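In what follows, a structure is listed as structure tokens, so that the remarks can point back to it.
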Amino acid sequence: MLTATRPTRLAVLISGGGSNLRALLDATTADPGFGGEVVVVGADRGGAAGLEHAHTAGVPEVVEELTAGADAATRTAWEHRLAEGLAAYDPDVVVLAGFMRILSGGFLERWPDRVLNTHPSLLPAFRGAHAVRAALAHGVKVTGCTVHLVDEEVDHGPILAQEAVPVLPGDTETTLHERIKVVEHRLLPACVRALCHDRVRVLGRHAEVDLAGHRSAPPE
Ligand code: GAR
């Protein structure tokens, strides 16, 4: 456990359907050795369908809406409200699970090296909000997903784990994204579990992660 005295407290942020939130809720409840529990779910939209998973699991929700085209001051105030709302539940780790907003240093410095993101491409390829569409448009034969620590650059921080997913003939954005999500539902909980057990070491851009069996280490 990050703190020896209690299970690691996880905040999960979502914007959409929340299938990765569902995977985390399932993993933390099904595995007594997971070492962490989801204590709060945050969203930037009250209409985020994934909030239903939090509701079903009895996990408290923090919703802070941000209107499109908000200016910098409005965004800063929004981010502060979101951080304060999560902090009320004293999380150790914040997991971005389909959270489609960029968080600045003001948020990240509250949980240093403890904010994770899952992204549906093999970073650094296809950063941004439409990674699957961009991979298809580029004509790649293999794409995948990346779980990484979040820094101030978009889809950029130290990589914890990646897994490839082949692009199949006839794939649409939806079919390809669904196959990527199947992998994310396994890889994201595995990375969060490793963090809960303090099995992640970060040295600059390189993260050494013990995924219990699967080791991903920086080059010599
Ligand atoms: C996931 O595929 C996640 O990687 C992606 O949104 C999806 C959310 O699905 N995130 C991004 O694209 C962030 N740049 P879900 O709501 O079903 O978990």
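The values are calculated or read from the model by the stated rules, or taken from the named source; none is laboratory data. These numbers come from a predicted model, not from an experiment. Note: ideal-geometry Cβ built from the backbone for every residue, glycine included; neighbour counts use all protein chains shown. Please note that ligands, DNA and RNA were not included when accessible areas were found on the heavy atoms of the full protein model with its side chains. Shrake-Rupley method; radii C 1.70, N 1.55, O 1.52, S 1.80 Å.
Exactly one residue out of GLU79, GLU84 is of a type in the set (Asp, Glu), within 16 Å of ASN117 (Cβ to Cβ) and not in a loop (DSSP other than H, G, I, E, B), and it is GLU79. If you go through the stretch 18-41 and keep only what is under 21 Å from ARG114 (Cα atoms), away from the ligand (no atom under 13 Å from the Cβ) and of a type in the set (Gly, Ala, Ser), you end up with ALA27, GLY33, GLY35, GLY36. Taken as a whole, the structure places ALA48 among residues that are within 24 Å of SER19 (Cβ to Cβ) and among the aliphatic types (A, V, I, L, M). Considering (1) assigned to a loop (DSSP other than H, G, I, E, B); (2) in contact with an Asp or Glu (Cβ under 9 Å, 6 or more places away or on another chain); (3) closer than 24 Å to GLY17 by Cα, the lone condition that PHE107 does not fulfil carries the number (1). Taking the stated definitions as given, is ALA97 within 11 Å of the ligand (Cβ to nearest atom), open to solvent by less than 50 Å² (accessible area, probe 1.4 Å), out of contact with any Phe, Trp or Tyr (no Cβ under 8 Å at 6 or more places or on another chain) and farther than 24 Å from ALA27 by Cα? Considered against the rule, which asks whether it is within 11 Å of the ligand (Cβ to nearest atom), open to solvent by less than 50 Å² (accessible area, probe 1.4 Å), out of contact with any Phe, Trp or Tyr (no Cβ under 8 Å at 6 or more places or on another chain) and farther than 24 Å from ALA27 by Cα, ALA97 comes out as no.
I'm trying to understand the selection: among the residues of the stretch 1-17, which are open to solvent by 20 Å² or more (accessible area, probe 1.4 Å), more than 12 Å from the ligand (Cβ to nearest atom) and either not hydrophobic (A, V, I, L, M, F, W, C) or not in a loop (DSSP other than H, G, I, E, B) (or both)? Even if it seems obvious, please write down each step before you answer.
Taking the stretch 1-17 first, the residues open to solvent by 20 Å² or more (accessible area, probe 1.4 Å) are 1-7, 9, 16-17.
Going one step further and asking which of them are more than 12 Å from the ligand (Cβ to nearest atom), we end up with 1-7, 9.
Of everything in the stretch 1-17, those that are open to solvent by 20 Å² or more (accessible area, probe 1.4 Å), more than 12 Å from the ligand (Cβ to nearest atom) and either not hydrophobic (A, V, I, L, M, F, W, C) or not in a loop (DSSP other than H, G, I, E, B) (or both) turn out to be THR3, THR5, ARG6, PRO7, ARG9.
When the stretch 52-64 is filtered for residues that are surrounded by 14 or more Cβ atoms within 10 Å (Cβ to Cβ) and either more than 16 Å from the ligand (Cβ to nearest atom) or in contact (Cβ under 8 Å) with a residue 60 or more places away in the chain (or both), the ones remaining, listed by number, are PRO60, VAL62, GLU64.
Return the residues of the stretch 109-162 that are touching a residue at least 60 places away in the same chain (Cβ under 8 Å) and more than 17 Å from ARG199 (Cα to Cα); say none if nothing qualifies. Full working, then the answer.
Our first condition is that a residue be touching a residue at least 60 places away in the same chain (Cβ under 8 Å); within the stretch 109-162, this holds for 113-114, 116, 118, 120.
Once the filter is applied, which keeps residues that are touching a residue at least 60 places away in the same chain (Cβ under 8 Å) and more than 17 Å from ARG199 (Cα to Cα), the stretch 109-162 yields THR118, PRO120.
Among the residues of the stretch 65-76, those that are outside any helix (DSSP H, G or I) and either open to solvent by 20 Å² or more (accessible area, probe 1.4 Å) or among the aromatic types (Phe, Trp, Tyr) (or both) comprise GLU65, THR67, ALA68, GLY69, ALA70, ASP71.
Within the stretch 104-146, the residues that satisfy the criterion of being open to solvent by less than 10 Å² (accessible area, probe 1.4 Å) and more than 9 Å from the ligand (Cβ to nearest atom) are PHE107, VAL115, LEU116, ALA135, THR143, GLY144.
Each residue in the stretch 147-197 was checked for being in a helix (DSSP H, G or I), out of contact with any helix residue (DSSP H, G or I) (no Cβ under 7 Å at 6 or more places or on another chain) and surrounded by fewer than 21 Cβ atoms within 10 Å (Cβ to Cβ), and 8 pass.
Out of all the residues in the stretch 173-199, which are free of Cβ contacts under 8 Å to residues at least 24 places away in the same chain and either of a type in the set (Val, Ile, Thr) or more than 20 Å from VAL94 (Cβ to Cβ) (or both)? Passing the criteria: THR174, THR175, GLU178, ARG179, VAL182.
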